[in-house]
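Accompanying notes for the structure given below.
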Amino acid sequence: MCGIVGYIGHREAYPVLIKGLQRLEYRGYDSAGIALYDGSEINLSKTKGKVADLKSKAEGEISVQGSLGIGHTRWATHGVPNDVNSHPHYSNSGDLVIIHNGIIENYESLKKALIKRGYTFHSDTDTEVLVNLIEEVQKTENVKLGKAVQIALNQVVGAYAIVVFNKKKPDELVVAKLGSPLAIGIGEEEFFIASDASPFIEFTSNAIYLDDEEMAIVRLGKEVKLRKIKDDAIIYPKVQELQMNIEEIEKGGYDHFMLKEIYEQPKAIKDTYRGRFLANEGIIKMAGMDDYLEKFTQAERIIVVACGTSWHAGLVGEYIFEDLARVPVEVEYASEFRYRNPIINEKDVVIAISQSGETADTLAAIKLAKEKGAFVFGICNVVGSSIARATHAGAYTHAGPEIGVASTKAFTTQITVLALLALKIGESKGNISKVELHQYLSELEAIPTKVEKALEANEHVKYIAGEYKDASNCLYLGRGFNFPVALEGALKLKEISYIHAEGYPAAEMKHGPIALIDEQMPVVVIATRKGHYEKVVSNIQEIKSRKGKIIAVVMEGDKQVKDIADHVLEIPETVECLTPLLTTIPLQLLSYHIAVMRDCNVDQPRNLAKSVTVE
Ligand code: AGP
């Protein structure tokens, strides 16, 4: 996610802003920038790369004087990472400058209207559109900056945390929030703005956290004025005295990045599908996909290449594509595919899935597929990553940076993109009616709330983790759409708790694994009513009769499994093809709590890297 910082007060702003950006580096970013007001002009410097690169560039090219300024670390969503697309952005007149964390969904239509009024644009970003919209409103309505921001934001659809100032009124910063975090640090004759308190906690522990649809005018020598963006209603600020330390703030108050990212999934899934469909109208629009729809609808076969958790998401994709789009799908480990001399032709579509966008095996598989004439589509979480650039087209997951080595929100957001692709292809091929499409999209729209419901089982999962934290082995079983979730649950457990775990199709038990069952073997079984339920129940009974311990993931209200399993974890009901988005949640929590109880390094497990950029 982007990081924003702002300062107005009695200090030199530059050191405060640079150190603040360094505090926000943990959020993940690909470029950085700063703008300072030196008493007469705005001096701006920005660059692709790290804060250290910004520091050396800024000190070499601009005056870093002044007590008013803003700074930004960018996690690209619109426009690849480069100097021009970095923030801050000037308005056309050069009087206004803005930084922004979020996504403006309707920026293209706003941009067209501004171009018609003579505005020009230097970057591909939605943010540059916003600052010029504010400028246009301030000019045409002849209002102060705060009012112009308010009017402009009422024309915007999307998510934002912005800081903007006008050099003609250098005693104030205007901030606004919807969907992205923004905090105001209240000092003695000084104010700090940031994505969280880590940039200013050393200066003040008094902070105001804006709520969604709130804005504030932060003026020296005055109280902070909070307003509702929609109707200008006055809000009386609640100043909090913070007790957190820096590390706690970076993890959002969670003990580990992995737990933070597990809990970010409702937002990550929503951000991933945001602006990509209209459920009521039954419309799906994904830029990278729409331009190449024919490739998919005429494909003889779809081959997925990926590694690890991304491979598991691809396997869920196989079930979804074959069910909804009726296209044959093969899922390949990229590390095998690249050396197998696979039979591929130009009628094939290859989908490469990667959170980091830098996995060497997946990159090599893409290169091979392209050499053999296939159309290659990428699903990545890092904008501008090597895989994003190596593929013919693609769609980003908007999960935000995933810091924990164990992939969690990447898995669920990858499945979200795959579901949208399958629905789009299925509808284009006439395999899905408009009514069915509406039903699926409405169910997808309800998923974030259902993930939140699934997360409520956390304390119960923690209790179960305590029962099995000393196990030496564990089996994970699932059928249909949830067979890949069993594999993913096993991977989560083994990679962070170091307990040996294996995932199997539940019916495979009688072909060998059942020999492993005894009272020392916990077995996690995904037994949702949507997937071959009766057969899974009989698998559970086979295990119980051999004294195996059963941890069952079931639909809310299930009675039958509850009577035979040792432990039950409930998830809300949804359509079968979307159940993986919910069944994976208790399994992520289970592996997390067991790993914590075993004093393992949850965020950086032994022997593992977040991105395997070597063979
Ligand atoms: C999953 O928890 C692991 N961190 C690992 O399997 C990971 O999914 C795999 O290395 C692929 O990474 P990618 O998605 O960045 O390509």
Could you go through the range 133-153 and let me know if any residue there is farther than 30 Å from HIS10 by Cα, assigned to a loop (DSSP other than H, G, I, E, B), touching a Lys or Arg at 6+ places or on another chain (Cβ under 8 Å) and open to solvent by 60 Å² or more (accessible area, probe 1.4 Å). no
Looking at the range 495-504, which of its residues are surrounded by 18 or more Cβ atoms within 10 Å (Cβ to Cβ) and either over 17 Å from ILE585 (Cα atoms) or of a type outside the set (Val, Ile, Thr) (or both)? GLU495, SER497, ILE499, ALA501, GLY503, TYR504
For the range 345-387, give me each residue that is open to solvent by 10 Å² or more (accessible area, probe 1.4 Å), closer than 19 Å to LEU315 by Cα and in contact (Cβ under 8 Å) with a residue 40 or more places away in the chain. GLN355, SER356, THR359, ASP361
Considering residues that are assigned to a loop (DSSP other than H, G, I, E, B), in contact with a strand residue (DSSP E or B) (Cβ under 9 Å, 6 or more places away or on another chain) and within 16 Å of the ligand (Cβ to nearest atom), the number found within the range 488-526 is 1
Scan the range 245-258 for residues that are open to solvent by 20 Å² or more (accessible area, probe 1.4 Å) and not in a loop (DSSP other than H, G, I, E, B) and jot them down. ILE246, GLU247, GLU248, GLU250, PHE257
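If the requirement is being within 16 Å of the ligand (Cβ to nearest atom), hydroxyl-bearing (Ser, Thr, Tyr) and within 19 Å of MET289 (Cβ to Cβ), which of these qualifies: SER385, SER428, SER407?
Values: SER428 fails: within 16 Å of the ligand (Cβ to nearest atom); SER407 fails: within 19 Å of MET289 (Cβ to Cβ).
The unique qualifying residue is SER385.
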Flagged in the range 527-573 as in a helix (DSSP H, G or I), farther than 19 Å from PRO513 by Cβ and open to solvent by less than 20 Å² (accessible area, probe 1.4 Å), in numbering order, are TYR533, VAL561
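Per-residue answers, yes or no, for (1) free of Cβ contacts under 8 Å to residues at least 24 places away in the same chain; (2) crowded, with 20+ Cβ neighbours inside 10 Å; (3) under 25 Å from ALA216 (Cβ atoms):
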position: GLU12; (1), (2), (3): no, no, yes
position: VAL16; (1), (2), (3): no, yes, yes
position: GLY28; (1), (2), (3): no, no, no
position: GLY33; (1), (2), (3): no, yes, yes
position: GLY39; (1), (2), (3): no, no, yes
position: LYS46; (1), (2), (3): no, yes, yes
position: ALA58; (1), (2), (3): no, yes, no
position: ILE62; (1), (2), (3): no, no, no
position: GLY69; (1), (2), (3): no, yes, yes
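Residues in the range 419-435: is at least one part of a strand (DSSP E or B) and among the polar types (S, T, N, Q)? First the steps, then the outcome.
Keep residues of the range 419-435 that are part of a strand (DSSP E or B), which gives none.
Scanning the range 419-435, I find no residue that is part of a strand (DSSP E or B) and among the polar types (S, T, N, Q), so the answer is no.
When the range 456-487 is examined, which residues are found to be part of a helix (DSSP H, G or I), touching a Phe, Trp or Tyr at 6+ places or on another chain (Cβ under 6 Å) and in contact (Cβ under 8 Å) with a residue 60 or more places away in the chain?
Narrowing the range 456-487 to residues part of a helix (DSSP H, G or I): 458-468, 480-487.
Narrowing further to those that are touching a Phe, Trp or Tyr at 6+ places or on another chain (Cβ under 6 Å): 481, 486.
Of everything in the range 456-487, just one residue is part of a helix (DSSP H, G or I), touching a Phe, Trp or Tyr at 6+ places or on another chain (Cβ under 6 Å) and in contact (Cβ under 8 Å) with a residue 60 or more places away in the chain, namely PHE481.
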Does THR583 meet the test of being hydroxyl-bearing (Ser, Thr, Tyr) and either touching a Pro at 6+ places or on another chain (Cβ under 9 Å) or part of a loop (DSSP other than H, G, I, E, B) (or both)? no
With respect to LYS434, is the statement that it is surrounded by fewer than 24 Cβ atoms within 10 Å (Cβ to Cβ), more than 14 Å from the ligand (Cβ to nearest atom) and over 17 Å from GLY308 (Cβ atoms) true? yes
Failed item, numbered, when ASN345 is tested on (1) over 30 Å from GLY430 (Cα atoms); (2) assigned to a loop (DSSP other than H, G, I, E, B); (3) among the polar types (S, T, N, Q): (1)
Name the single residue, out of those in the range 343-382 being more than 14 Å from the ligand (Cβ to nearest atom) and among the aliphatic types (A, V, I, L, M), that is farthest from LYS267 (Cα to Cα). ILE343
Taking the range 304-344 on its own, how many of its residues are in contact with a Lys or Arg (Cβ under 7 Å, 6 or more places away or on another chain), of a type in the set (A, V, I, L, M, F, W, C) and either open to solvent by 20 Å² or more (accessible area, probe 1.4 Å) or under 16 Å from PHE377 (Cα atoms) (or both)? 1
Enumerate the pairs (first residue in the range 147-163 and among the aromatic types (Phe, Trp, Tyr); second residue anywhere and open to solvent by less than 10 Å² (accessible area, probe 1.4 Å) and in a helix (DSSP H, G or I)) with beta-carbon separation below 8 Å, excluding pairs fewer than 6 apart on the same chain, so at least 6 apart or on different chains. TYR160/LEU130; TYR160/LEU153
Kindly indicate the residue of the range 91-106 that is modelled with pLDDT of 95 or more and open to solvent by 10 Å² or more (accessible area, probe 1.4 Å) and also nearest to ARG276 (Cα to Cα) among those meeting that condition. ASN92
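So, in the range 280-303, of the ones that are open to solvent by less than 30 Å² (accessible area, probe 1.4 Å) and within 21 Å of the chain's Cα centre (by Cα), which residue ends up farthest from the ligand (Cβ to nearest atom)?
Taking the range 280-303 as the starting set, the residues that turn out to be open to solvent by less than 30 Å² (accessible area, probe 1.4 Å) are 282, 284, 286, 288-289, 296, 299, 302-303.
Then keep just the ones that are within 21 Å of the chain's Cα centre (by Cα); that gives 284, 286, 288-289.
Working: ILE284: 24, MET286: 20, GLY288: 18, MET289: 20 Å.
Per the stated criteria, the residue is ILE284.
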For the range 173-190, name all the residues that are surrounded by fewer than 19 Cβ atoms within 10 Å (Cβ to Cβ) and under 17 Å from ALA13 (Cβ atoms). GLY187, GLU188, GLU189
Tell me, which residue of the range 581-609 that is among the hydroxyl-bearing types (Ser, Thr, Tyr) and under 21 Å from ASP470 (Cα atoms) is nearest to the ligand (Cβ to nearest atom)? SER591
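Restricting attention to the range 220-241, which residues are outside any loop (DSSP other than H, G, I, E, B) and surrounded by fewer than 12 Cβ atoms within 10 Å (Cβ to Cβ)? Reasoning before the result, please.
So the first thing to find is which residues in the range 220-241 are outside any loop (DSSP other than H, G, I, E, B), and the list is 225-228, 234-235, 240-241.
ILE234, GLU241 - these are the residues of the range 220-241 that are outside any loop (DSSP other than H, G, I, E, B) and surrounded by fewer than 12 Cβ atoms within 10 Å (Cβ to Cβ).
The values are calculated or read from the model by the stated rules, or taken from the named source; none is laboratory data. The structure displayed is predicted, hence computed values, not measured ones. For neighbour counting, all protein chains shown are included, and Cβ atoms are generated from backbone atoms with ideal geometry for every residue, glycine included. Note: areas computed on protein heavy atoms with side chains; ligands, DNA, RNA excluded. Shrake-Rupley method; radii C 1.70, N 1.55, O 1.52, S 1.80 Å.
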